[in-house]
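Structure record follows, encoded as structure tokens.
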Amino acid sequence: MSANGQIQAMTFKGRDMIELDDYTPEEIQYLLDSAIEIKRKKKNGELYQPLKGKTIGLIFEKSSTRTRVSFEAGMFQLGGHALFLSKNDIQLGRGEPISDTAQVMSRYLDGIMIRTFGHDNVINLARYASIPVINGLSDMAHPCQVLADLQTVLEHKGKLKGLKMAFIGDGNNMANSLLIGGAKMGMHVAVASPEGYEPDERIVQLSREIARETGAEITVTQDPVEAARDADVIYTDVWASMGFEEEQKQREQAFADFQVNEELVQAAKKDYLFLHCLPAHRGEEVSEGVIDGANSVIFDQAENRLHAQNALMVALMAD
């Protein structure tokens with residue numbers, strides 16, 4: 001923000017959101033400030049419709065609650081229209097090349113959000129589309145969720161730089177995007193995962209390169225207590241993400257010592273925040289006492305999906 005508290009305008013129109021590494025720390029901060037301002041407008045009942053007359057297509061290969069509802073509701077609130085497109089509704093599900101789908105949809109729409117399995121689907125859709133493409137989730141990354149996470153921490157802590165965020169659990173798309181997003185904003189990120197379930201090594205190296213520029217620290221460990229020690233934020237996710245359900249029993253054994261519970265959070269700061277991207281398996285990756293406890297801000301976090309994505313859509317699609 002500027003010295004007078006006004007958000008400095010930045011140009012994003014026509015860009016994609018594939019991963020947070022595509023954005024500078026200043027651009028991410030702009031999106032967070034915009035999300036907080038859009039949230040304020042909504043709470044005050046102010047009409048804010050910069051996307052009036054715009055349409056976004058929402059492609060879902062994976063089912064969703066928060067992603068679908070937040071994008072559909074958000075686009076409506078911004079004055080635009082959202083089209084829900086399951087894989088059974090469009091020709092992608094019948095073998096049409098993604099390049100053809102991208103070029104056709106670009107002639108109908110003003111933006112595309114895709115929630116998919118393969119990260120290459122997002123990359124190829126963006127490569128051939130002439131309109132902005134938003135990664136609503138892939139097996140590699142979940143940047144929209146992390147924008148909401150950063151907004152939540154900023155609202156509760158008043159800053160990001162210098163805070164420690166511990167992610168305990170599977171080194172999945174959430175861990176990958178938290179490493180990049182946290183490093184971009186100067187946060188110290190520690191990820192604790194069992195052997196064989198670590199975050200993507202390329203992402204770890206990339207986040208360490210980013211951290212050298214921002215003063216952040218990146219730790220990858222197999223010790224959840226080490227990761228949680230003096231943490232300002234503790235984060236976890238389900239042990240078996242969508243697509244890995246057949247590994248549930250195997251993962252329950254591998255992650256048995258990685259539950260976020262009352263004993264583990266003793267290592268964190270007393271005023272730590274607990275985050276979970278939801279849906280949660282209470283009693284599995286997190287105890288009920290922690291997820292429903294005084295330090296949990298999971299519903300603020302879930303709400304901020306709406307506001308963070310609104311800020312993103314406005315930045316990418318508004319005239």
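Just so it is clear, none of the values below were taken in a lab; they were calculated from the coordinates. Quick caveat, the model's predicted, so the values are computed rather than measured. Neighbour counts run over all protein chains shown; Cβ positions are idealised from the backbone, glycine included.
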Between Thr236, Ser287, Tyr197, whose Cα lies farthest towards the positive end of the dipole of the range 145-301 when Lys and Arg beta carbons carry +1 and Asp and Glu beta carbons carry -1, centred on the Cα centre? Thr236
I need to check one value: relative contact order of the range 91-202, counting alpha carbon pairs closer than 8 Å and at least 6 residues apart, in percent. 20
Is it possible to state the helix-based mean residue ellipticity at 222 nm for the chain, with each DSSP H run of 4+ residues giving -39500 (n - 2.57), the sum divided by total residues, to the nearest 500 deg cm²/dmol? What is it? -12500 deg cm²/dmol
Take the Cα gyration tensor of the range 216-264, multiply each eigenvalue by 5, square-root it, and list the three semi-axes largest first, rounded to whole angstrom. 23, 13, 10
Please get the size of the charge dipole for the chain, origin at its Cα centre, with Cβ charges of +1 on Lys and Arg and -1 on Asp and Glu, quoted in debye to the nearest 20. 1360
How much net charge surrounds Gly14 when only other residues with a Cβ under 12 Å from its Cβ are counted (Lys, Arg +1; Asp, Glu -1)? -1
Which residue, Ala216, Ala311, Gln259, has the largest displacement toward the positive end of the dipole of the chain when charges sit on each Cβ (Lys, Arg +1; Asp, Glu -1)? Ala311
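What does the charge dipole of the range 141-235 about its Cα centre add up to, to the nearest 20 debye, if the Cβ of each Lys and Arg holds +1 and the Cβ of each Asp and Glu holds -1?
About 420 debye.
Using alpha carbons only, what's the Rg to Rh ratio of the range 60-123 with Rh from Kirkwood? The partial results should precede the final answer.
Details: Rg = 12.1 Å, Rh = 12.7 Å.
Answer for the range 60-123: 0.96.
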Here the net charge surrounding Asp33, from other residues whose Cβ is less than 12 Å away from its Cβ (Lys, Arg +1; Asp, Glu -1), is -2
Output ³J(HN,Hα) for the range 50-64: one whole-Hz value per residue in order, computed from phi by the Karplus curve 6.51 cos²θ - 1.76 cosθ + 1.60 with θ = phi - 60°, and x for Gly and Pro. x, 10, 4, x, 9, 10, 10, x, 10, 8, 10, 9, 10, 5, 6
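Can you tell me which of 202-212, 249-259 comes out highest on packing, and rank the rest after it, using the mean Cβ neighbours within 10 Å?
My ranking of the peptides, most packed first, is 202-212, 249-259.
Local charge sum around Lys54 (other residues, Cβ-Cβ under 13 Å, Lys/Arg +1, Asp/Glu -1)?
Around Lys54, the surrounding residues sum to 0.
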Which value, in debye to the nearest 20, gives the size of the charge dipole of the range 145-301 about its Cα centre, when Lys and Arg are +1 and Asp and Glu are -1 at the Cβ? 740
Starting from the Kirkwood radius over alpha-carbon pairs of the range 207-319, derive D by Stokes-Einstein at 25 °C in a medium of 0.890 mPa s and give it in µm² s⁻¹. 152
What is the distance in Å between the Cα centres of the range 201-265 and the range 96-165? 22
Highest mean packing first, using Cβ neighbours within 10 angstrom, the peptides 20-26, 82-88 sort as 20-26, 82-88
To the nearest 10 degrees, how steep is helix 143-157 against the longest Cα principal axis of the chain, on a 0 to 90 scale? 60
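Once you compute Rg and the Kirkwood Rh from C-alpha atoms, what is the Rg to Rh ratio for the chain?
0.96
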Of all trypsin sites (Lys or Arg not before Pro) in the range 123-159, the ones in DSSP coil with at most 14 other Cβ atoms within 10 Å are Lys159
Let me check against my output: what whole-number percent is the relative contact order of the chain, with C-alpha pairs under 8 Å and at least 6 apart? 20
Give the residue list of chymotrypsin sites (Phe, Trp or Tyr not before Pro) in the range 114-167 that are DSSP loop and have at most 11 other beta-carbon atoms within 10 angstrom. none
Where does each of 284-293, 69-78 land if you order them by average Cβ count within 10 Å, highest first? 69-78, 284-293
Among Phe274, Gly186, Val297 the positive-end extreme of the charge dipole of the range 145-301 (Cβ point charges): Gly186
Once phi for every residue in the range 203-209 is put through the Karplus expression 6.51 cos²θ - 1.76 cosθ + 1.60 (θ = phi - 60°), the whole-Hz ³J(HN,Hα) values, with Gly and Pro written as x, are 5, 4, 5, 4, 5, 5, 5
How tilted is helix 98-108 with respect to the longest principal axis of the chain? Cα atoms for both, answer in degrees (0 to 90, nearest 10). 60
